[in-house]
Structures are given as structure tokens and as C-alpha cells.
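Below you'll find the structure, written out as C-alpha cells, and then a few comments.
The values are calculated or read from the model by the stated rules, or taken from the named source; none is laboratory data. Here the structure is a predicted model, which is why all the values come from computation and not from measurement. Cβ coordinates were reconstructed from backbone atoms using ideal geometry, including for glycine residues, and neighbour counts include every protein chain displayed. Note: accessible area is taken over every heavy atom of the protein model, side chains too, but ligands, DNA and RNA are not part of it. Shrake-Rupley method; radii C 1.70, N 1.55, O 1.52, S 1.80 Å.
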Amino acid sequence: MIAVITGATSGIGRAIAFHLAEHGYDLILTGRRKKLLEELSQTLAAGFGIRVLPLCFDIRKKEEAEKYLGHLPDDWQEIDVLINNAGLAAGFHPIHEGDISDWEQMIDTNIRGLLYATRYIAPLMTARRTGHIVNISSIAGKEVYPNGNVYCATKHAVEGLTRGMRIDLLPYGIKVTSVSPGAVETEFSLVRFKGDAQRAKEVYKGYQPLKAEDVAEAVWFALSRPPHVNINDILIMPTAQANAVFFDRK
Ligand code: NDP
Ligand code: 8X3
């Protein structure tokens with residue numbers, strides 16, 4: 001079995017990579033941070049005896065996505081699983097104060113990047129009439145919250161695309177699953193707040209957030225169902241988080 005995981009250099013993508021390696025998958029891993037990507041690839045290949053193909057590129061760039069995902073080596077073409085995980089929130093401002101380059105970064109990564117990866121990998125699945133695409137959405141794809149505006153909109157787009165993919169890929173027996181976590185302690189908030197570690201820490205203060213491994217387990221649940229079962233949607237939250245805005249902080 002071969003899986004592609006976008007955004008595997010940290011957080012949820014990295015945890016999914018470990019989980020799938022444990023289950024014997026060969027892995028195609030993407031991300032921009034070359035050193036992290038190469039170290040992870042070596043660790044997984046040596047630790048689990050699997051093949052790993054690291055592809056270091058920016059998923060926002062169509063030409064790079066085509067160069068790497070559109071031209072996979074012959075022995076990497078039989079893709080069973082695509083995890084569309086690469087994504088981010090940038091900034092946290094009301095709509096009238098938002099930074100337009102933040103908006104572009106989120107739209108280009110969370111929507112365009114997911115589309116590019118899907119466009120290059122899905123035909124390899126339709127040709128074999130088998131495969132499973134898992135889109136990492138968010139509670140932000142189900143609800144909106146103050147200052148979440150554009151990030152929430154990108155994740156609402158992921159939800160719409162997931163439903164659309166499920167219809168278009170139905171005749172090919174390809175499963176499509178959306179996994180939507182609430183707060184997960186990863187580099188997510190550090191990225192959103194542009195490296196402000198103190199502010200990022202506040203997000204997870206006073207309650208136990210999800211770990212990336214919790215999300216990886218949910219993904220694995222969907223991937224490991226029998227052929228006739230598709231898990232459409234998983235919404236996974238910390239016990240201390242009721243919805244996008246209500247937290248039980250001690
Ligand atoms: P992290 O910041 O820890 O990981 C994000 C990953 O995406 C990194 O591997 C990063 O790699 C990659 N990435 C970001 N931009 C690009 C790009 N332009 N090109 C290639 N790769 C990119 O955050 P999470 O693990 O938390 O986020 C993973 C997914 O989960 C995202 O889609 C996020 O929206 C979603 N999510 C997160 C939640 C949370 O609370 N943490 C909750 C719900 C959903 P690199 O920097 O090396 O390029
Ligand atoms: C990440 C979780 O609630 O910050 O998608 O949007 S949230």
C-alpha cells in the first residue's frame with residue numbers, strides 16, 4: 001500500500017505518517033522544510049522498514065505540484081491513500097482589518113494546494129478503480145468564530161470539495177472522508193500568530209487539547225474499515241471543547 005501525506009513535517013501530518021508507517025504503508029511525504037522532511041523520512045524508513053519518498057515543495061505553487069506529484073516515479077504510481085493535510089491559519093483579525101497576504105496564503109494552501117494534490121493523485125486512483133482520499137478539514141469547516149473569517153471559509157470550501165469529490169469519484173469506488181478536529185496542540189497556533197510562542201500557548205491553556213496522534217487514530221479508523229464501508233465525516237473534539245467557541249478552561 002502507498003499513501004501520500006501532504007504537510008508531513010509537523011503536527012497532524014507527521015503523526016499520520018508514523019501511524020501509517022506502523023501499518024506498513026510506503027509513504028510519499030511533502031512539506032517545505034527540507035531538513036525536517038528528510039529526517040522524518042530516514043526515521044520512518046529505518047524504523048519501520050518501509051519505502052519513503054520525500055517531496056520538498058510548496059503546495060501553493062501549481063508548477064511545483066505538477067513537477068512532483070504529476071510525475072511520480074513508476075514504482076510510486078499505485079497510490080492507495082491521499083491525505084490532504086497541508087494547511088494553516090494565518091492571522092486572527094476581524095474581516096475589516098485582515099491582512100490580504102494572509103488571506104491569500106490560506107486560500108492558496110488550504111484550497112488550491114488541496115486541489116492540486118487531488119488533481120494529480122486522483123487520476124492514479126480512478127485508473128485502478130480504487131483509493132481513499134482523506135481531507136483534513138476542521139471544526140472551522142462546520143462553524144465560524146470571531147476573527148476566524150477567511151480560515152473558516154477555506155475549511156468550509158474543503159467541506160464542499162469533499163462532498164463534490166465523493167460524488168465524482170463514486171463510479172470508481174474511491175472513498176472520500178473528511179476529518180474535522182477541534183483544537184489540536186501542534187505548530188498551528190505558532191504559525192497563526194507568526195511565531196509568538198506566548199500567544200500560541202494561551203490557545204491551549206486551562207484544558208487538555210487534542211494531540212496530533214488522536215487525529216491520526218481517527219484517520220486510521222476511517223482507512224481501516226472494510227471495502228464496503230466509507231466513513232464520510234469525523235468531527236473530533238477535545239472533551240473540554242463544546243464547539244468552535246466554548247471551552248471549559250480551569
Ligand atoms: P502544523 O503547522 O503543525 O502543520 C502544518 C503542515 O502543513 C506542516 O507540515 C507544513 O509543512 C504544511 N504546510 C503548510 N503550508 C504549506 C505549503 N505552502 N506547502 C507545503 N506544505 C505546507 O499544523 P497542524 O498539524 O495542526 O495542521 C494540519 C492540518 O490540520 C491543517 O490543514 C490545519 O488546518 C488542520 N487543522 C488543525 C487543527 C489544530 O487545532 N491544530 C484543528 C483542525 C484542523 P512546512 O511548513 O514544512 O511546509
Ligand atoms: C483549527 C481549529 O478552532 O482554531 O482548525 O479553527 S480552530
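The mean sequence separation of alpha-carbon pairs under 8 Å and at least six residues apart, normalised by the residue count of region 2-236, gives a relative contact order of 20 percent. Relative to the longest principal axis of the Cα atoms of the chain, the long axis of helix 212-223 lies at roughly 40 degrees. Can you tally the lysine pairs in the chain where the Cα-Cα distance is under 19 Å and the two residues are eight or more apart, or on different chains? Taking the Cα cut-off of 19 Å, the pair count is 9.
Could you check how much of the accessible area of the chain is carbon and sulfur, as a whole percent, using a 1.4 Å probe?
Details: 6480 of 11950 Å².
The computed percentage sits at 54.
Given a 1.4 angstrom probe, what's the average accessible area per residue across region 131-238, in square angstrom?
Details: 4900 Å² over 108 residues.
Normalised by residue count, the accessible surface of region 131-238 is 45 Å².
Please identify the GluC sites (Glu not before Pro) of region 135-198 that satisfy two criteria: DSSP loop assignment and at most 16 other Cβ atoms within 10 Å. Which are they?
Details: sites: Glu143, Glu159, Glu185, Glu187; in loops: Glu143, Glu185, Glu187.
Of the GluC sites (Glu not before Pro), the ones in loops of region 135-198 whose Cβ has at most 16 other Cβ atoms within 10 Å are Glu143, Glu187.
Rounded to whole Å, give me the distance from the Cα center of region 184-214 to that of region 104-138. A separation of 26 Å, based on Cα centres. Its Cα centre serving as origin, the chain has a Cβ charge dipole (Lys and Arg +1, Asp and Glu -1) of approximately 180 debye.
Hand me the trypsin sites (Lys or Arg not before Pro) from region 178-242 located in a DSSP loop with no more than 16 other Cβ atoms within 10 Å, in residue order please. Show your work: numbers first, answer last.
Working: sites: Arg192, Lys194, Arg199, Lys201, Lys205, Lys211; in loops: Lys194, Lys205, Lys211.
Passing sites in region 178-242 are Lys194, Lys205, Lys211.
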